[in-house]
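The values are calculated or read from the model by the stated rules, or taken from the named source; none is laboratory data. Nothing here was measured: the structure is a model prediction, and the numbers come from that model. Counting neighbours? That spans all protein chains shown, and the Cβs are built from the backbone with ideal geometry, glycine included. These accessible areas exclude ligands, DNA and RNA; they are computed on the full protein's heavy atoms, side chains included. Shrake-Rupley method; radii C 1.70, N 1.55, O 1.52, S 1.80 Å.
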Amino acid sequence: MQLKTILNRVEYFKSFVYGKAGWVDGAEGHAIEVYIEARKNGRPICSGCGEVRPGYDRLPERRFEFVPLWGIAVYFLYAMRRVECATCGVTVEQVPWCDGKNHLTTTYRWFLAGWARRLSWKGVACAFHTSWQNVFRSVTYAVSWGLAHRNLGGIDAIGVDEIQWQQGHKYLTLVYQIDEDCRRLLWAGKDRTAKTLLRFFRMLGKVRSARLVFVCSDMWKAYLKVIAKKAPQAIHVLDRFHIMAKMNKAIDEVRAAEAKRLQRDGYEPVLKNSRWCLLKREENLTEKQAVKLSELLQYNLQSVRSRLMREDFQRFWEYFYPACAARFLDEWCTRTMRSKIEPMKKVAKTLRHHRDLILNWFRAEGAISAGIVEGLNNKAKLTMRKAYGFRTAEAIEIALYHQLGDLPEPEFTHEFW
Ligand SMILES: [Zn+2]
């Protein structure tokens, strides 16, 4: 079997044929070079308008890198024709294996992008003896193709969240589709201002925004404002995960302040290293941590009381009827306001302030589970951690779309990856 036969099986061109192939020993190692020729009587196509046009002249031969075979680099060699186009002037012809000034063939770019979903970008560059830049450009290409060809119809529920991508308050706003049958990253944008989220709604368009049924977010003011303005018909659910995270933060504050006070008063440092056993739920405590907790409980400490308040609040999520949940929420807030524990009182005030949006959790009848947004956000964090070598928000955005966007790909004769 000849190499040509294999190539025609995996990548067949209608108006071009594979010519002679040869083995070359170059400075960068071995490679296989395959000549490509235009079919006899095959007239060139203008890259400007896609029409068949008369030939003008030929450019010097170019090398296009194809998918490697048995660890050997493969190059196509072809001298591009220029065409004389009545509409576009003199342009370079359009060829099916590549576009623009790329020196990687389109198939090879999809190949690299496909692997970049499984390995880190650096890992892909190493495995296929190519540069990080080539992998980056290939992924960028795959993402922009996917974004241009994806279907944005039928979106009922979205979740908005932010993610820190660099020290010093550098955030990305992420918008996910969180429908039962379709969970994916819809949009990523720099910062977490009202302007950021407005850009998402501009992308989504008026018609699709107007048919949203559920929107899930945290209590970030800028988001609340934009969601109320752009999707007023949707039930806006405040995210359970973020509410509990706020409470955990308050408990942490109480503990830190109390530990300081106890030490100042000469008590043994019982609260030292107790951070995790205060934040964990009872059933998740290790044995050692459980002992520490019982030790702690001998004191009537604010930290312990805050933790009990949090435990008590967990019951809130188990209500079925919104009215019962509302009563529980109000009572919990009243009790907490009497507690004299400032950070917890602050949480209670916040909950009161967003009472309606929180109660929407029950109006959504469990259709929205914060776990979905949380799960997607954990994946996003993992993508960022794996993706060392990203310096810019743009590169991170591309990596996130690539991993979480569930983007479509064109159909190929052969599956290379
Ligand atoms: Zn043209």
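Here are the criteria: (1) more than 16 Å from the ligand (Cβ to nearest atom); (2) among the acidic types (D, E); (3) part of a loop (DSSP other than H, G, I, E, B). Tell me which single one D161 does not satisfy.
Of everything listed in (1) more than 16 Å from the ligand (Cβ to nearest atom); (2) among the acidic types (D, E); (3) part of a loop (DSSP other than H, G, I, E, B), D161 misses just condition (3).
Restricting attention to segment 51-91, and to residues there that are open to solvent by 50 Å² or more (accessible area, probe 1.4 Å) and touching a Leu at 6+ places or on another chain (Cβ under 7 Å), which single residue is nearest to the ligand (Cβ to nearest atom)?
Residue satisfying both the conditions and the ranking: R82.
Would you check which residues across segment 106-132 are over 22 Å from D406 (Cα atoms) and of a type in the set (F, W, Y) and list them?
Once the filter is applied, which keeps residues that are over 22 Å from D406 (Cα atoms) and of a type in the set (F, W, Y), segment 106-132 yields F128, W132.
Is it the case, given these coordinates, that R109 is within 16 Å of the ligand (Cβ to nearest atom), in contact with a Ser or Thr (Cβ under 8 Å, 6 or more places away or on another chain) and not hydroxyl-bearing (S, T, Y)?
No.
How many residues, within segment 21-50, are within 16 Å of the ligand (Cβ to nearest atom) and of a type in the set (A, V, I, L, M, F, W, C)?
Number of matching residues: 3.
Any chance segment 13-26 includes a residue that's exposed (fewer than 14 other Cβ atoms within 10 Å of the Cβ), modelled with pLDDT under 95 and under 37 Å from the mean Cα position of the chain (by Cα)?
Among the residues of segment 13-26, not one is exposed (fewer than 14 other Cβ atoms within 10 Å of the Cβ), modelled with pLDDT under 95 and under 37 Å from the mean Cα position of the chain (by Cα), which makes the answer no.
Of all residues in segment 109-128, how many are over 15 Å from K386 (Cα atoms) and touching a residue at least 60 places away in the same chain (Cβ under 8 Å)?
Residues meeting the conditions: 5.
I'd like to know if segment 175-182 contains one or more residues that are at pLDDT 95 or above, among the β-branched types (V, I, T), crowded, with 18+ Cβ neighbours inside 10 Å and under 25 Å from I398 (Cβ atoms).
There is at least one residue in segment 175-182 that is at pLDDT 95 or above, among the β-branched types (V, I, T), crowded, with 18+ Cβ neighbours inside 10 Å and under 25 Å from I398 (Cβ atoms).
Of the numbered conditions (1) within 13 Å of the ligand (Cβ to nearest atom); (2) polar (S, T, N, Q); (3) within 30 Å of S131 (Cα to Cα), N102 satisfies every one except a single condition; which is it?
For N102, the exception is condition (1).
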